[in-house]
1. Select from segment 289-314 the residues that are in a strand (DSSP E or B) and more than 20 Å from the chain's Cα centre (by Cα) and write down the one among them that is surrounded by the most Cβ atoms within 10 Å (Cβ to Cβ).
2. Select from segment 233-258 the residues that are farther than 21 Å from Leu276 by Cα and in a loop (DSSP other than H, G, I, E, B) and write down the one among them that is nearest to the chain's Cα centre (by Cα).
3. Any residue at all in segment 184-191 that's within 28 Å of Arg119 (Cα to Cα) and either surrounded by 17 or more Cβ atoms within 10 Å (Cβ to Cβ) or of a type outside the set (A, V, I, L, M, F, W, C) (or both)?
4. So Lys285 ticks every box in (1) surrounded by fewer than 16 Cβ atoms within 10 Å (Cβ to Cβ); (2) part of a loop (DSSP other than H, G, I, E, B); (3) of a type outside the set (S, T, N, Q) but one. Which box is left unticked?
5. So which residues in segment 236-250 are more than 19 Å from Gly165 (Cα to Cα) and of a type outside the set (Lys, Arg), if there are any at all?
6. Please find, within segment 75-103, the residue that is surrounded by the most Cβ atoms within 10 Å (Cβ to Cβ) out of those that are in contact (Cβ under 8 Å) with a residue 40 or more places away in the chain and part of a helix (DSSP H, G or I).
7. I'd like to verify a number: residues in segment 196-232 that are assigned to a helix (DSSP H, G or I) and over 25 Å from Tyr320 (Cα atoms), how many?
8. Would segment 161-176 turn up any residue that is exposed (fewer than 13 other Cβ atoms within 10 Å of the Cβ), touching a helix residue (DSSP H, G or I) at 6+ places or on another chain (Cβ under 7 Å) and not small (Gly, Ala, Ser)?
Amino acid sequence: MLFDAALTKVIDAIAADAARVQAEGFDGGWVGETRHDPFMQVMEAGRGTSTLQLGTAVAIAFARNPMTVANSAYDLAAFTGGRFVLGLGSQVKAHIERRFAMPWSSPAARMRDFVLALRAIWTAWNDGTQLDFHGQFYTHTLMTPFFAPPAHQWGGPPVYLAGVGPRMTEVAGEVADGFFVHAFSTPRYIAEVTVPALMCGRRRNGRDDLEGFTLAGPVFACVGRDDAELKSAIVGTKAQIAFYASTPGYRSVLDLHGWGDAQHELTRLSKSGRWLDMGAVVDDKMLHEFAVVGDPESVGRKIAGRYSNLMDRVSFYAPYPHDPSVWPDVLAAARAATTPAAMSEGHP
């Protein structure tokens, strides 16, 4: 199992933050797309690192087109010496239409088309073949030498997709190299919904396992070094779980555990602007299903125990004020719990 970190959202501090994450022993660093361009963030992180794997988690595919994304990703693969992973997400209809002024329809089918178009473009650049992609949503048939970047040894980067529902997950299994499990997932949801959906997509291409495919994503790490820190972590984590649980598109996770009715109350509170009251709807049982709770050493061990047989790489998600110096201790405990000796002895 590999362990990653979310990099700072302050663009002029990303290089230094990525260097710190690399020095602390993490395997990868991810950037999102909120206030800054994700590809520029990765470039900055690449300047400050030499071994850290870097990626977008995620860049919004439908805010762009396959050609523009292919260009940025191809350049970053070369710039980072093959350390870049292109993580893509669909966002939701309101943001695509009203924030980005781009078309929205059939997101799973459109994403499938998008990824296949990327691969056709990269093949044309790297192998010198004729670009001739005809998809349901995208068509790319013109590429002259003047506009084609030079081939490089890393080619197109791996592509990971993000999603929650089974349709997008199936597409990831079919056309992508990896899948980002949403933080609002439980181990049971991953095992009973995510993995079967991925396998459905894999079987479309004649593959009957997840060999060579990467499951990655953030895990709620509710950690405190004393009672006061842990209490603050619990309050912040419950608030974030409640926020996700109020989203209709994530109801399937709640329904699996018999908590679907909680969404009605959380949606009502959110529409009333009662954000501070929403965390109280998340009881301790729900908290412990979504989050790993405890001191740094126990959180590291528990994350390894819960996810070592489910996911290939995880990052620690802490949606509350905290001291980042806690993460090397969590990382050390998690790594110790995933050593061959620890696993053979039945630990953690």
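FYI, it's all coordinate maths here, none of it is from the lab. Just so you know, these numbers come straight off a predicted model, no measurement behind them. Cβ coordinates were reconstructed from backbone atoms using ideal geometry, including for glycine residues, and neighbour counts include every protein chain displayed.
1. Residue satisfying both the conditions and the ranking: Val293.
2. Only one residue tops the list, namely His257.
3. Within segment 184-191, one or more residues are within 28 Å of Arg119 (Cα to Cα) and either surrounded by 17 or more Cβ atoms within 10 Å (Cβ to Cβ) or of a type outside the set (A, V, I, L, M, F, W, C) (or both).
4. In the conditions (1) surrounded by fewer than 16 Cβ atoms within 10 Å (Cβ to Cβ); (2) part of a loop (DSSP other than H, G, I, E, B); (3) of a type outside the set (S, T, N, Q), Lys285 misses (2) alone.
5. Gly236, Thr237, Ala239, Gln240
6. The extreme case among them is Leu76.
7. Count: 8.
8. The answer is no, given that none of the residues of segment 161-176 is exposed (fewer than 13 other Cβ atoms within 10 Å of the Cβ), touching a helix residue (DSSP H, G or I) at 6+ places or on another chain (Cβ under 7 Å) and not small (Gly, Ala, Ser).
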